[in-house]
Amino acid sequence: MTGLEKIIEQIKNESEETAKSIRLSAEAEAKTITGKAQIDAAEFLGAASEKIQKQAQDLKARSKSAAVLQERRILLNEKLQIIEETVEDSKKDLLNLPTEEYFKVLLRIVAKYALPEKGEIFLNSKDLQRMPQDFAEKADAQAKKAGGSLKLSPEAKLISGGLILSYGGIEENCSFEALFDAQKEQMQDKAATLLFPEGD
């Protein structure tokens, strides 16, 4: 082998060694990059999975909270409806009392609302026809206890029940509707306490 051939052979061998070294280095670097990419991907997927899980838990908690709130609203509406019906039933019960009991209620209303003045009592047409004979006298007696007097008006008022007291043209509406409206909140609270004790 000539000197030139030896030089060419040496260059060839060195080139192959260099290429092999470069290839091995590139493969090692590729493995490192691939491994890091796999780790990064695993970390990303893990973080994404945790985020998705947390979001799912938050959504579940919000859904449960919304469901509890909706249930409370429905329950509250049902309770309010029952209370309203109870108050309305009480009003009907008053209107349907036997005549004697009904007019005793009217006398209690007179005793509570009579003023120390001269006035008139107004009833509806049905009550004017069915009132006991001594009702006007008893109502006046109640008014006198308050320092005033009352006479029964023959004029009927458009009320379902109860009465209206009039003093010098100024009316005190003691119809059942007006009395129930005035006491509505207190009656609802009382009905709620009776119907739904604490914890119900």
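The values are calculated or read from the model by the stated rules, or taken from the named source; none is laboratory data. Because the structure is a prediction, the values reported are computed rather than measured. Neighbour counts run over all protein chains shown; Cβ positions are idealised from the backbone, glycine included. Heads up: the accessible areas ignore ligands, DNA and RNA and are worked out on the full protein's heavy atoms, side chains in. Shrake-Rupley method; radii C 1.70, N 1.55, O 1.52, S 1.80 Å.
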It is to be established whether one or more residues within segment 98-112 are modelled with pLDDT of 85 or more, open to solvent by less than 50 Å² (accessible area, probe 1.4 Å), over 41 Å from the mean Cα position of the chain (by Cα) and charged (D, E, K, R).
no
Counting only residues in segment 130-147 that are touching a residue at least 12 places away in the same chain (Cβ under 8 Å) and of a type in the set (A, V, I, L, M, F, W, C), the one surrounded by the most Cβ atoms within 10 Å (Cβ to Cβ) is identified as ALA139
Is there any pair linking a residue in segment 148-159 that is over 15 Å from SER175 (Cα atoms) to one that is open to solvent by less than 50 Å² (accessible area, probe 1.4 Å) and of a type in the set (Asp, Glu), with Cβ under 6 Å and at least six apart or on different chains, and which?
SER149/ASP140; LEU150/ASP140
Residues to consider are ALA191, ALA182; find the one that is open to solvent by less than 60 Å² (accessible area, probe 1.4 Å) and modelled with pLDDT under 95.
ALA191
